[in-house]
Amino acid sequence: MASPDSTQDTPVCDLADQACEACKVGAPLVEGDEAQRLLAELPGWEVVTLDGVEQLKKEYTFKNFRLALELTNKIGALAEEYKHHPGILTEWGKVTVTWWTHKIGGLHKNDFIMAAKTDSVT
Ligand SMILES: C[C@H](O)[C@H](O)[C@H]1CNC2=NC(N)=NC(=O)C2=N1
């Protein structure tokens, strides 16, 4: 039994367990070193710039379309639950997910939280 103060007992509130905050126009963008620090907690995710907007992106692969659609629907339910919505491209054997915050035209902490929550439903 590890001692109560050992590091493995230290509760870690990781991204997937955090709640999204209400995001308003003018909220600060997450960029540079802060983005890289949060990205390090998100295996398989990358920051891409599409139409000048930084977004988090990850591809999930499957052996058929039905499984891709199942994940798509799980992510859709997450988005509705947390009122924060991704881009989702659903293809045979693949789901491509992008997270960014439309209101601020880039990345917010919420996008990193939702990316972690996306991984938690795969
Ligand atoms: C009115 C509605 O709650 C807002 O427009 C929400 C909806 N979902 C959203 N999703 C994302 N990714 N960015 C937003 O700015 C956003 N705004």
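The values are calculated or read from the model by the stated rules, or taken from the named source; none is laboratory data. Bear in mind that the values here come from a model prediction, so they are computed numbers and not experimental data. Positions of Cβ are backbone-derived with ideal geometry, glycine not excepted, and every protein chain shown enters the neighbour counts. The area values use the complete protein model at the heavy-atom level, side chains included, leaving out ligands, DNA and RNA. Shrake-Rupley method; radii C 1.70, N 1.55, O 1.52, S 1.80 Å.
Observations, loosely collected:
- Cα→Cβ-extended label distance, 7 Å offset, between Lys83 and Ser120, nm: 1.9 nm
- Spin-label pair Asn73/Ala16, simplified geometry with 7 Å Cα→Cβ offset, distance in nm: 2.1 nm
- Enclosed volume per residue, in Å³, of the convex hull spanned by Cα atoms of the stretch 27-120: 85 Å³
- Highest GNM mean-square fluctuation among Leu67, Leu50, Leu15, for the chain modelled with Cα contacts below 10 Å: Leu50.
- Here the accessible area is traced with a 1.4 Å probe on the protein chains. For the chain, carbon and sulfur cover 54 percent of it.
- Note on the chain: with charges restricted to the Cβ of Lys and Arg (+1) and Asp and Glu (-1), its dipole about the Cα centre is near 500 debye.
- Rolling a 1.4 Å probe over the heavy atoms of the protein chains gives the chain an accessible area of 59 Å² per residue.
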